[in-house]
C-alpha cells in the first residue's frame, strides 16, 4: 500500500506529460526559421511497434535494431529543456521535430553511417533511465548534444522500458536483458580504427545497464577496452555495495568515472524504498564519510547537485536540465579534463571539494570530489553498522579497488 502511495505521488509530481507519437518525420520549409540539427545513431533492444509515429515500443526484441535519426531543434528555447509539441504534427519553428528516419539493415550500414558522421574520433554513447519511451530518449539526447556543445558523434542505446511508473521491476529486468547487446555495441565502436575514444553517459536505471555491460567486458577480457575512457553516471540508481563490486570486477585499467549525485532526488528515494531501503549511489553525500575518503582512494569524481535548481520536480534529471552542468559534461568531462583546478565555472557560490580541498568556484552549488571508490554501505543514523555492511574491505588483497 505504501509503495502504491509513493508511486502515485511521483505520478503527480511528474506532471501531465506530452503528446506521444512524434517520430514521424516532418519537412522543413522555406518559411521555417533557422533551426539546429542533431544527427544520431540509435541502437535498441526494443520491439518494433509497426507504427512510424512511435517506431519502437517497450517490449523486448531478441534482435537489436539500428536507426539513423535527425532532430530539428527550434531557435528560441530555454537551455536544458526539451520543447515538446503541444499538438501534432510538431512545428519545427517552436518544437523539437524529427526530420529524418532511416532503418539501417546491417552492421555495415551502421559502420558507414558512423564513419560519415564521426567528429574528430570522439563518440558519445547515451543510455537513458527508467520510465522512458523511445521518443523520450531520442529527444533527451538531442537536447544534451545541442546544449552541451560537445564535439562527439552521438549514439543512443535505448532499452525496453514500458514507460510506466508501476513497471519498475520490468524495466530493471529489461536492463539485464540488454546488457550483452550494449557490450557488443561498445565493442563494435571500439573496434573501428577511426574511433579515438568513447564516452558513456548513463542516467538513472541506465547506469545499472552501463555498469553491467562494462563488468561483462572486464570479465571476458580482464579489463574494459581502453578506448572507453570516460564513464559519466547521472543519478545512478544502483545499490552502493553492488556498484563497488561491479567496479572491481571490470578489471584494470578502468575508465575515468564521474558520478552526479543529489540528496534531494525523489525518484531515487522511491527506488530505495522499493529495493528494501538500500541506499542508492546517486543519493550519497560525497563530502561526508565514509564516502569522501572512499571516493578519494579510487579516482572517481563525485559532483553533488543537491543545491542545483531546475524545473524537474523529481530532482532526478538535473544533469541535463541545468545549462551549466550539461555544458560541464560537454566541454570538460568529455574532453578528459580534470576538475582539480580553479577553472571550474558553474556559476556563483559553488562549493567544490576537489582532492580533499574545498574551493568556492561559482551559484549552481555542486560538490566535486576527485577519488576512486571502495564503498561501504553507510547505515542510517538510527542504525548501528554491521559486519554485513562492511562487505568491501580496504585490504588490497580482497578489494582491488584500492590498488
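Fewest neighbouring Cβ atoms within 10 Å first, the residues 334, 205 line up as 334, 205. Segment 78-99 and segment 291-316 have Cα centres spaced 30 Å apart.
Could you compute the FRET efficiency for residue 252 and residue 47, with r as their C-beta to C-beta distance and R0 at 25 Å, rounded to 0.05? My answer for the efficiency is 0.10. How many percent of Cα pairs in segment 90-161 exceed 16 Å? In whole percent, the share of Cα-Cα pairs in segment 90-161 beyond 16 Å is 59.
Sorted ascending by nearby beta carbons within 10 Å, beginning with the fewest, 238, 73 become 73, 238.
Our estimate of slack between residue 220 and residue 107, defined as 0.36 nm per intervening residue step minus the Cα-Cα distance, is 38.4 nm. Protection proxy ranking of 106-118, 306-318, 145-157, 162-174, by the mean of other Cβ atoms within 10 Å over each peptide's residues and highest first, is 145-157, 306-318, 162-174, 106-118. Pull out a ≥ b ≥ c, the square roots of the eigenvalues of the alpha-carbon gyration tensor of segment 154-246, then state rounded if a/c is under 1.5, prolate if not and a/b is larger than b/c, and oblate in the remaining case. Cα axes put segment 154-246 in the prolate bin. Computed across segment 169-209, the Kirkwood hydrodynamic radius from all distinct Cα-Cα pairs reaches 11.4 Å. Computing FRET efficiency as 1/(1 + (r/R0)^6) for residue 285 and residue 332, where r is the C-beta to C-beta distance and R0 is 30 Å, gives about 0.85. Taking every DSSP beta bridge that has both ends in segment 160-305, the antiparallel portion is near 5%. Looking at the square roots a ≥ b ≥ c of the eigenvalues of the Cα gyration tensor of segment 75-199, which shape do they give, rounded for a/c under 1.5, prolate if a/b is larger than b/c, or oblate? Judged from the Cα gyration tensor, segment 75-199 comes out oblate (a/c at least 1.5, b/c at or above a/b). By other beta-carbon atoms within 10 Å, ranking 272, 213 with the fewest at the front produces 272, 213.
Only the coordinates and a few stated rules stand behind these numbers; no lab work does. Just so you know, these numbers come straight off a predicted model, no measurement behind them. Neighbour counts run over all protein chains shown; Cβ positions are idealised from the backbone, glycine included.
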